[in-house]
Amino acid sequence: QVQLVESGGGLVQAGGSLRLSCAASGVIINLRSMGWYRQVPGKQRELVATITSAGSTNYGDSVKGRFTISGDNAKNTVYLQMNSLKPEDTADYYCAEVLVCDLKVRTVIKWGQGTQVTVSS
């Protein structure tokens, strides 16, 4: 059974940094594509970043140059390093196992439970 457990969310001031972690079990992350999404209440869930089994990464336009997705195969954990945070980055962040084709997410296979990030101005 696949489980994705996020951690690392919290409250940070604008301009600060946070690193989110997604510990995976039941799936080997370097054999899959993984992603991070975020959602603000009342809005659609937004793709933040993806990383494929080949190590290719892709980012949403709003986070390019500020966020970095990476994986630690030994820990079977995916990270999202978030720098230069802005109040508009405030959201619930979700880790996901995804199916990527032609650099696009075609389907989400499994969601984590989410972790909250709040950026104060």
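Side notes on the structure shown:
- Accessible-area order (highest first, 1.4 angstrom probe) of the listed residues K110, K104: K104, K110
- Protection proxy ranking, highest mean first, for peptides 90-98, 10-18, 77-85: 90-98, 77-85, 10-18, where packing is the per-residue count of other beta-carbon atoms within 10 Å, averaged.
- Think of it this way: in the chain, C101 stand alone, with no other Cys Cβ under 4.7 Å.
- Volume in Å³ per residue [convex hull over Cα atoms, computed for the range 16-83]: 100 Å³
- Over all projection directions, the Cα-based convex hull of the chain averages an area of 6.9 nm².
The values are calculated or read from the model by the stated rules, or taken from the named source; none is laboratory data. Bear in mind the structure is a predicted one, so any value in this text is a computation, not a measurement. Because the Cβ atoms are built from the backbone with ideal geometry, glycine has one as well, and the counts that use them run over all protein chains shown. Calculation scope for accessible area: heavy atoms of the full protein, side chains included, ligands and nucleic acids excluded. Shrake-Rupley method; radii C 1.70, N 1.55, O 1.52, S 1.80 Å.
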